[in-house]
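The values are calculated or read from the model by the stated rules, or taken from the named source; none is laboratory data. Values in this document were obtained by computation on a predicted structure and should not be read as measured data. Cβ placement follows ideal geometry from the backbone for every residue including glycine, while neighbour counts extend to all protein chains displayed. In case anyone asks, the SASA skips ligands and DNA or RNA and just uses the protein heavy atoms, side chains included. Shrake-Rupley method; radii C 1.70, N 1.55, O 1.52, S 1.80 Å.
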Amino acid sequence: PRPRRPSWKLPRQPPAAIGAMGACCSAGAKGGAAAAVEPSAAPRPRQPVQAPLAAGPGLLDIFGAGKGTEEKLKAEGGVERSRGLVEDAKSDVMTVENFRAKLAARTRNSADAPIHVKAMTYNLFWRTLYGRQNGDSTAASKLIFAARPDIMAFQECDDVSRVLFEGGAFEKYVGVQGPYSMAIAYKKSDWQDEGDGHADVGVDEPQQFYGRRGVQWVRLRHKLSNRAILFVNHQGPLRVNSGGREGGPQAAENIVKAIYDNLQVGDAVLLLGDFNAQAGSQTLRGLERYIDLKYTGTSLGGVDHIFTALELIGAENLGNGGSDHDALMAAFIL
């Protein structure tokens, strides 16, 4: 036989309590006023109605105020201040126009003597040339310093100090080692380092994956002329011409954004490196909207490039020095 369930009985309630409980439950079930079971209280005082907040000077004008309001704000100078703030905000947004305007903001007295700058880019093929071949009897370093460049951008460079030392230029140049085996070196007698940095701009595709890709920069000021260059080194994502996982257009935008965010008024820009992208690729076309392509190499179908708005006065392919890329050098007027 099934066990008998215990019988639970509620304690007897006084009639008044039962009536109050019934009133409460019925009010809740029917959506009635809960005041039936609340203690009586004095009515709450009404809160004073606050006037709507007045719009700040110029805000109404931005969103289409009436003519009378605009004239009043104009008389107070509010419209001009608001427009000034809006224009400043617009100038901080990276567009082709704003980027080229920053480059064009450089001022140089025509009476000043022109400064010639020789810049080099060179992918050193480190794992093979400096690893398996142990520097190929310093062939690459000797090639570099026989050309006597002012500033150099290296890709696939694990130790820029070794490159300088084996070329007999350790005392004459300063090396700046960056991420992702990028490095920059410059003549210490002519240039002052005013800061450096780097940013990620892409990732290799899974089919040919080595890792992330970035840009490295150094702002250099010429000691004699006091003119400045933002010198930017880059090695692009693989596969060649793909732009990496985000594609060529986005890779170009990422590169230009990194430059724009660090570009100061008066800076010249030199962007150079192994882009892993050939002329006509989406990456190159995207970059050329912002900055001029001045010279291209021939290795691997032409993936090494030099971009700048500076006037080109000469360029040369120096050969590979044992690498799978050629060293490119170009001279510009700063």
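Tally Lys and Arg at +1 and Asp and Glu at -1 over the other residues with C-beta under 13 Å from the C-beta of V240: what net charge comes out?
-3
Each pair of Cα atoms in segment 101-200 enters the Kirkwood radius, and Stokes-Einstein at 10 °C and 1.306 mPa s then converts it into a translational diffusion coefficient of 106 µm²/s. The radius of gyration of the Cα set in segment 120-173, together with its Dmax, comes out at 10.1, 29 angstrom.
Between E171 and Y210, the simple spin-label model (points 7 angstrom out along Cα→Cβ) gives 3.5 nm.
In terms of accessible area, using a 1.4 Å probe and ignoring ligands and nucleic acids, F154, F170, F125 rank largest first as F170, F125, F154.
Of all DSSP beta bridges located in segment 94-190, what percent are antiparallel, nearest 5?
On the way: 9 of 14 bridges.
Close to 65 percent.
Note down the net charge around N317, summing +1 for each Lys or Arg and -1 for each Asp or Glu among other residues with Cβ under 15 Å from its Cβ. Charge balance near N317 sits at -3.
Legend: translational diffusion of segment 237-334 by Stokes-Einstein, Rh = Kirkwood radius over C-alpha pairs, 10 °C, 1.306 mPa s; D = 113 µm²/s. Here segment 253-334 is treated with +1 on each Lys and Arg Cβ and -1 on each Asp and Glu Cβ, and its dipole about the Cα centre works out to around 180 debye.
Ligands, DNA and RNA aside, T95 has an accessible area near 50 Å² when probed at 1.4 Å. Computed over neighbours whose Cβ is under 9 Å from that of M329, the net charge equals 0, Lys and Arg +1, Asp and Glu -1.
Coupling constants for segment 243-250 follow from the phi torsions by the Karplus curve (6.51 cos²θ - 1.76 cosθ + 1.60, θ = phi - 60°), and in residue order they are x, x, 5, 8, x, x, x, 6 Hz; glycine and proline get x.
Between D196 and N134, full extension at 0.36 nm per residue minus the direct alpha carbon distance yields a gain of 19.4 nm. Accessible area of K188, 1.4 Å probe, to the nearest 10 Å²? Probe radius 1.4 Å; accessible area of K188 about 90 Å². The phi torsions of segment 212-220, fed into the Karplus equation with coefficients 6.51, -1.76 and 1.60 and a -60° offset, translate into couplings of 7, 10, x, 10, 10, 9, 9, 8, 10 Hz, rounded to whole numbers, with Gly and Pro shown as x. Calculate I(q)/I(0) for segment 110-268 by the Debye formula, one identical point scatterer on each C-alpha and no solvent, and give its log10 at q = 0.11, 0.17 Å⁻¹ to two decimals. With no solvent term, the Cα-only Debye profile gives -0.48, -1.04. Cα extents for segment 151-240 along the principal axes, largest to smallest and rounded to whole angstrom: 48, 29, 17. Using the Cβ-Cβ distance between D261 and L224 with R0 set to 35 Å, the FRET efficiency from 1/(1 + (r/R0)^6) comes to roughly 0.75. Remark on G178: its backbone amide H falls under 5 Å from those of A183, I184, a criterion applied only to residues 5 or more positions apart or on other chains, H modelled at 1.01 Å from N. With 18 Å as the limit on Cα-Cα distance, the pairs of K187/K223; K142/K187; K188/K223; K188/K294; K102/K188; K118/K172 that go past it are K188/K294; K102/K188.
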